[in-house]
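The block underneath contains the structure these notes are about, expressed in structure tokens.
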Amino acid sequence: MSMPYYVAPEQVMKDRAEYAQKGIARGRALVATTYDQGIAIVAENPSRSLHKISEIYDRIAFGGVGKYNEYDQLRVAGVRHADIKGYAFSREDVDARSLANLYAQYLGNVFTHEMKPLEVEILVAELGDQENQLYHIAYEGTITDEDRYAVLGGDAETIAERMGNAWQADWDLSAALKAATAALAGPDRSLAAGDLEAALLSRANGRRAFRRVQNGELALLLA
């Protein structure tokens with residue numbers, strides 16, 4: 001009878017982390033930033049039907065990078081959770097923090113106990129009356145609360161540095177979108193409206209704060 005190979009737990013976790021990071025790095029990045037009327041989310045995504053940014057509930061948005069079918073399953077689960085909670089209690093009881101905690105627990109359990117980790121990073125953003133919330137959840141379940149901007153996906157450190165240098169408090173939508181696009185593109189290339197997907201959580205939109213920015217409008221804002 002042959003003995004099974006022994007692999008140290010530290011090596012198993014390291015291999016899983018490298019596998020997830022490589023899968024995420026193959027995708028295109030996403031940037032979310034606060035602006036004077038709410039939250040703007042911009043992703044490099046030429047597809048018009050496979051969305052990286054979606055609505056979860058009245059004032060809550062979802063963003064995902066990495067493997068599309070995996071983060072889209074998380075989006076659907078989030079929508080169902082929010083709908084059930086809002087129906088059972090009240091719409092005001094649905095908040096981004098509890099949803100982000102659920103995502104973090106699920107991603108952490110998969111990373112620890114399953115053979116293959118999920119190759120995703122996700123964002124849960126909530127428009128608040130006074131303060132906005134940006135929660136960045138990594139592939140292994142680590143949750144980070146950001147107060148100005150959040151960057152997900154490949155080359156996140158470099159993009160975050162560009163975004164940090166450009167960020168301004170209470171800038172308008174056009175300035176925020178231009179800075180996010182420039183941070184995604186970098187100095188060696190340019191991104192047009194057709195290369196991007198953009199959406200807003202805006203106080204001007206009423207109860208359902210989420211709104212997609214269509215190509216024509218996005219092109220004018222980036223001009």
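Give, as ranges by residue number, the residues of the range 23-62 whose backbone N falls under 17 Å from the point 7 Å along Cα→Cβ of Asp170.
Flagged as within label range: 34-39.
Taking the chain as a Gaussian network, Cα atoms linked when under 10 Å apart, which of Gln21, Gln73, Gln168 shows the biggest mean-square fluctuation?
Highest fluctuation of the listed residues: Gln73.
Rounded to the nearest 0.05, what FRET efficiency do Thr112 and Ala223 give with R0 = 30 Å and r taken as the Cβ-Cβ distance? Could you check? Mind dumping the intermediate values first?
Numbers: r = 48 Å, r/R0 = 1.59.
That gives a FRET efficiency of 0.05.
Straight-line reach only, C-alpha to C-alpha below 18 angstrom: list the aspartates and glutamates that Lys52 could link to, leaving out same-chain residues fewer than 8 apart.
Of all the aspartates and glutamates, those that pass the test against Lys52 - Cα under 18 Å, at least 8 places apart if same chain - are Glu44, Glu70, Asp72, Glu119, Glu121, Glu126, Asp155, Asp195, Glu197.
³J(HN,Hα) across the range 52-60 via Karplus (A = 6.51, B = -1.76, C = 1.60, θ = phi - 60°), whole Hz, x for Gly/Pro?
8, 10, 8, 8, 9, 7, 3, 10, 10
Counting other Cβ atoms within 10 Å, which GluC sites (Glu not before Pro) in the range 52-115 have at most 15 and lie in a DSSP loop?
Glu114
Could you rank the peptides 141-151, 155-165 by their average count of other C-beta atoms within 10 Å per residue, with the highest value first?
141-151, 155-165
Calculate, for Asp129 and Arg97, the FRET efficiency according to 1/(1 + (r/R0)^6) with r their C-beta to C-beta distance and R0 22 Å; round to the nearest 0.05.
It comes out at approximately 0.90.
Packing-wise, with mean Cβ within 10 Å as the measure, how do 188-194, 14-20, 115-121, 103-109 rank, highest first? Before the final figure, lay out each step's value.
Details: 188-194: 12.0, 14-20: 15.0, 115-121: 20.3, 103-109: 18.0.
Most protected by this proxy first, the peptides run 115-121, 103-109, 14-20, 188-194.
Taking every pair of Cα atoms in the range 28-222, average 1/r, invert it to obtain the Kirkwood radius, and report Rg/Rh to two decimals. Mind showing how you got there, number by number?
Numbers: Rg = 15.8 Å, Rh = 16.7 Å.
Across the range 28-222, the Cα-based Rg/Rh ratio is 0.95.
Using θ = phi - 60° and the Karplus form 6.51 cos²θ - 1.76 cosθ + 1.60, what ³J(HN,Hα) does each residue of the range 180-195 get, whole Hz, x for Gly and Pro?
Rounded to whole hertz, the list is 5, 5, 5, 5, 5, 6, x, x, 9, 8, 10, 10, 9, 4, x, 8.
Scan the range 35-99 for trypsin sites (Lys or Arg not before Pro) in coil per DSSP, keeping those whose Cβ has at most 16 other Cβ atoms within 10 Å, and list them by number.
Arg48
Tilt of helix 68-88 relative to the longest C-alpha principal axis of the chain, in degrees (0 to 90, nearest 10)?
That works out to roughly 70 degrees.
Read-outs throughout are calculated quantities, based only on the coordinates presented, and are distinct from any laboratory measurement. Values in this document were obtained by computation on a predicted structure and should not be read as measured data. Virtual Cβ from ideal backbone geometry, glycine too; neighbours counted across all protein chains shown.
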